[in-house]
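The values are calculated or read from the model by the stated rules, or taken from the named source; none is laboratory data. On a predicted model such as this, the values are computed, not experimentally measured, just so you know. FYI the Cβ positions are ideal-geometry reconstructions off the backbone, even for glycines, and counts take in every protein chain you see.
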Amino acid sequence: PAPYLQSYESRLANYNNPAARALLECIARKQSNLCVSVDVSTKAKVLEVVDAVGPSVCLIKTHIDIVEDFDADLLDQLEQLSKKHDFLIFEDRKFADIGNTVVLQYSKGVHQIASWSHFTNAHSVPGPGIIAGLASVGLPLGRGLLLLAEMSSEGTLAKGEYTEATVQMARESRGFVVGFIAQQRLGRADEDFLILTPGVQLGSAGDSLGQQYNTPAAVVGKGADVIIVGRGVYGKAGKEAVREEAERYKKEGWAAYEQRMKA
Ligand code: S5P
């Protein structure tokens, strides 16, 4: 069968990248293909949500630039929580500039993303120089890159030839590019890329700003290896409710994976 129809453990053989390997191992160990997107804007709230969902996730996705009271202590505490609960970190930076600029954005500034984030992502629109630039910083640190090959939002231009050209760019940098942000399985049947799919929620079709949602079962059925859920989890009121919701998505995501393996 195609690599993506095999177990997460067996797919380890297809990856040299340390971040991708650590993610596959974590998914298998925790039986979780859930990534929670923690899109909240204070340090206290970030830490509260991460502590609540930590046991249920393989990956925490951040938008570090929306945190009003960001400081180095937040990064220390995030790292402690990642050890306590056993998850990896993905800063959803969506780099989109020339190679020289993204080198600086990835390694410097207030956030120093490369120093703490196992994964980050980039748009392919500038061409391969963006990958070369990010790789020059990230590869020595064992980081992994995801290319945005498709988006979940209504009217996205990332489709068709753009998506195909993005897959081709990934093929040419396989040591660093470990997969895609996409809505479905991409690449040839004999290739193995990690597919991380956002725009996932139970019981909502979308929001008022173009976001479009599918269920965990639907996206895993189309090839998602990791489901990314934001408001569907952190949007619940109270730490206990957030914890329960994360467990619910974890179970849904894993059941869908087991279903896919049977197909
Ligand atoms: O195509 C995309 C790519 C990303 S990374 N669509 C997305 O929604 N995202 C991100 O996933 C987005 O920036 C947000 O952080 C998360 C979805 O959040 P939700 O609250 O709609 O689940």
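Pairs linking a residue in segment 183-203 that is more than 24 Å from Val36 (Cβ to Cβ) to a residue that is of a type in the set (A, V, I, L, M, F, W, C) and surrounded by fewer than 16 Cβ atoms within 10 Å (Cβ to Cβ), with Cβ atoms under 8 Å and 6 or more positions apart or on different chains, are Ala189/Ala2; Asp190/Ala2.
Residues in segment 134-152 that are within 16 Å of the ligand (Cβ to nearest atom) and among the small types (Gly, Ala, Ser): Gly144, Ala149, Ser152.
The residues listed here are Thr156, Thr166; of these, the one that is over 15 Å from Asn33 (Cα atoms), buried (at least 18 other Cβ atoms within 10 Å of the Cβ), of a type outside the set (A, V, I, L, M, F, W, C) and more than 16 Å from the chain's Cα centre (by Cα) is Thr166.
Yes/no per residue for (1) closer than 14 Å to Ser117 by Cβ; (2) within 14 Å of the ligand (Cβ to nearest atom):
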residue	(1), (2)
Cys35	yes, yes
Asp39	no, yes
Ala52	no, no
His63	yes, yes
Leu74	yes, no
Leu78	yes, no
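Among residues of segment 56-76 being surrounded by fewer than 17 Cβ atoms within 10 Å (Cβ to Cβ), without any contact (Cβ under 8 Å) to a residue 40 or more places away in the chain and assigned to a helix (DSSP H, G or I), the one that is nearest to the chain's Cα centre (by Cα) is Ile66. Would you check if Val137 is at pLDDT 95 or above and assigned to a helix (DSSP H, G or I)? Judged against the criteria, Val137 is a match. Given (1) over 26 Å from Ser173 (Cβ atoms); (2) within 16 Å of the ligand (Cβ to nearest atom); (3) not β-branched (Val, Ile, Thr), where does Cys58 come up short, assuming only one miss? Cys58 satisfies all of (1) over 26 Å from Ser173 (Cβ atoms); (2) within 16 Å of the ligand (Cβ to nearest atom); (3) not β-branched (Val, Ile, Thr) except (1). Any idea which residue in segment 214-239 is farthest from the chain's Cα centre (by Cα), counting only those that are farther than 25 Å from Lys262 by Cβ and touching a residue at least 40 places away in the same chain (Cβ under 8 Å)? By that ranking, first place goes to Lys239. For segment 84-98, a residue qualifies if it is surrounded by fewer than 19 Cβ atoms within 10 Å (Cβ to Cβ), over 14 Å from Leu34 (Cα atoms) and within 18 Å of the chain's Cα centre (by Cα), and the qualifying residues are Lys94, Ala96.
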